[in-house]
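The values are calculated or read from the model by the stated rules, or taken from the named source; none is laboratory data. Note that the structure is a prediction, hence the values are computed from the model and not measured. Here Cβ is always computed from backbone atoms with ideal geometry, including for glycine, and neighbour counts include all displayed protein chains.
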Amino acid sequence: MVRFALIGTGNIADFHARAIELVPNAHLAAVWGRGRAAGESLARRHGCDFSDDLDSVLARADIDAVAVTTPSGTHAAIGIAAARAGKHVLCEKPLDIDLARIDELVRVCAECGVTLGAVFQSRFGPGARAARAAVAAGRCGTLTQCGAYIPWFRAEAYYAGSSWRGTRALDGGGALMNQGVHALDLLLWLAGDVRRVSGRVQTRLRPIEVEDNAVAWLEFANGALGLVQASTVCYPGQSKRVEIKGDRGSITLLDDIPVLWEFDDARPEDDAIRAGQGERPGGGAGDPTAISVEGHRLQYLDFVEAVASGREPGIPGREGRRAVALIAAIYESSARGCPLDVGGAAAR
C-alpha cells in the first residue's frame with residue numbers, strides 16, 4: 001500500500017483524489033492546502049485528513065508519497081521538501097516553470113533515494129501507446145512532418161477566478177506552458193527531441209501576463225520538420241491533435257483517438273486500433289474540468305507499482321524536463337525574433 005498526501009486543492013486535485021481511490025494499492029491519507037474551506041471540503045469528499053501546515057504533513061510517518069497539484073511555479077520547491085522528508089513525489093505538469101529548478105528537483109530526489117514521476121497522463125491512452133509502438137517498430141518509416149495543435153478556449157472568467165493563472169511567476173506561460181504542454185510532451189515522446197525552433201507568442205485577447213496564442217516551427221533531431229499551434233482564444237475549443245507522418249505511414253491522434261492510422265504494411269490489428277476501445281483520457285478543450293480520470297488512474301497504477309517494486313515509473317522525473325525545455329526555447333525565440341537551438345534556452 002502506498003499512502004499519499006495530496007498537496008494542493010485546485011481543480012485538478014479532485015481528479016488525483018479520485019484516481020487514487022481507483023487504484024487498489026493506493027490510499028489518500030491527507031490533503032494540504034492554503035485555503036481551509038476548499039481543503040476541508042476536498043478532504044471530506046474523500047474521507048481523509050486536512051492540514052494547512054505542510055511541514056506537519058511531510059513529517060507524518062503514515063505518508064509514503066505526495067502528489068503535487070499546486071500552482072506550477074511552486075512544484076519544484078514542494079517536491080524538494082517532500083523528497084528531503086523521505087517521500088516519493090508524483091508531480092503534475094509541468095514539473096516546474098524553470099529548468100534550473102527542475103534539474104534541482106531531479107537531483108534531490110535521486111540523492112534522497114525517492115521516486116519522482118511527472119504527470120503526463122496522455123501517454124497512458126491506448127491510442128498514444130499504439131502510436132508509440134508503431135513508431136518504434138518503424139512503421140512510419142523516415143519521419144517527415146510531426147506537429148501538435150491545441151486550439152483551446154478559456155474565457156476571461158478562467159483567469160479572473162484565480163490568483164495565479166496567467167501570471168509569469170506562478171503559471172510561467174499560458175497556451176504553451178499550461179495547456180499545450182501535454183501535447184508537446186506527447187509529440188516529443190513519439191517523434192523524438194527537437195533541436196531547433198522558431199516561435200512567435202502573443203498575449204492577444206486575455207488580460208494576462210503570458211501568452212494566449214502561439215505558433216512555432218520545429219526541426220527535430222532526426223531531421224523531420226513540424227509545427228506547433230497553441231491557443232486559449234479559439235472558441236469554442238477543439239480537441240488537441242498530434243500528427244506523426246513519415247514516408248511509410250502516418251498517424252493522427254485527436255485527443256487519444258487515432259483518426260488517421262495508415263501504413264504501407266497493413267496489419268490485421270490495424271482495424272481494431274482504428275476502432276479504439278476503452279475510456280479515453282483526453283478532453284478539456286473548452287472546459288478544464290471536462291476530462292476523464294482514466295489517464296490519471298493509469299498513471300497512479302504505474303507509479304504505485306514502481307514504488308512497490310523499486311523500478312522507475314513509466315514517466316520518470318527527467319522526462320518532465322523535455323517539454324519545458326522546448327517551450328522555453330519557443331519563448332526565447334519569440335523574444336529574440338530568431339530561430340534558436342533548444343538546448344540553448346533557459347525557462348523564464
Taking ASP55, is it in the same structural domain as VAL307 (by TED's automatic domain parsing), farther than 25 Å from GLU104 by Cα and of a type in the set (Asp, Glu)? no
Options GLY286, GLY276: the member that is modelled with pLDDT under 95, closer than 22 Å to GLY10 by Cα and surrounded by fewer than 20 Cβ atoms within 10 Å (Cβ to Cβ): GLY286
Would you check if there is a residue in the range 102-122 being of a type in the set (Asp, Glu), within 23 Å of PHE15 (Cβ to Cβ) and not assigned by TED's automatic domain parsing to the domain that holds ARG204? no
Looking for whichever is of a type in the set (A, V, I, L, M), buried (at least 20 other Cβ atoms within 10 Å of the Cβ) and over 19 Å from CYS109 (Cβ atoms) here; the options are ALA43, ALA65. Which one fits? ALA43
Would it be correct to say that ARG107 is part of a helix (DSSP H, G or I) and without any contact (Cβ under 8 Å) to a residue 24 or more places away in the chain? yes
Here is a list: ARG248, ARG195. Which entry is surrounded by fewer than 17 Cβ atoms within 10 Å (Cβ to Cβ), within 22 Å of the chain's Cα centre (by Cα) and touching a residue at least 24 places away in the same chain (Cβ under 8 Å)? ARG195
Can you tell me how many residues within the range 290-319 are surrounded by fewer than 16 Cβ atoms within 10 Å (Cβ to Cβ) and modelled with pLDDT under 95? 1
